[in-house]
Amino acid sequence: MAERGAEVYGIEIAQNAITHAQKSAEKIKKELQVAGGSVQYKQGSIGDAFPFADQYFDLVLDVTSTNSL
């Protein structure tokens, strides 16, 4: 989505997963700049309060693992 100009946020509890995602995003950095998109990562859990106002997002995609329930 960021490659199409979207502002994307990834929220993940595990820092090593964030580090992996950041390395992957570096590979498409030029495409993001051309499209005007961005990717930002924040460490957090589903139980945390998030620093975004109500109605901030147009789309929320929740991908969870059943072993985390």
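The values are calculated or read from the model by the stated rules, or taken from the named source; none is laboratory data. Quick caveat, the model's predicted, so the values are computed rather than measured. For neighbour counting, all protein chains shown are included, and Cβ atoms are generated from backbone atoms with ideal geometry for every residue, glycine included. Heavy atoms of the whole protein, side chains included, go into the accessibility calculation; ligands, DNA and RNA do not. Shrake-Rupley method; radii C 1.70, N 1.55, O 1.52, S 1.80 Å.
Structure notes:
- In the range 1-12, residue least open to solvent (accessible area, probe 1.4 Å) [restricted to those that are out of contact with any helix residue (DSSP H, G or I) (no Cβ under 8 Å at 6 or more places or on another chain) and under 16 Å from residue 43 (Cβ atoms)]: 9
- Exclusive hit being among the polar types (S, T, N, Q) and modelled with pLDDT of 90 or more, set 19, 64: 19
- Of all the criteria given as (1) surrounded by 14 or more Cβ atoms within 10 Å (Cβ to Cβ); (2) farther than 21 Å from residue 60 by Cβ, the one not satisfied by residue 15 is (1).
- Residue match in the range 47-66 (condition: open to solvent by less than 70 Å² (accessible area, probe 1.4 Å) and in contact with a Leu (Cβ under 8 Å, 6 or more places away or on another chain)): no
- Any hit, the range 27-44, residues being free of Cβ contacts under 8 Å to residues at least 12 places away in the same chain and surrounded by 13 or more Cβ atoms within 10 Å (Cβ to Cβ): no
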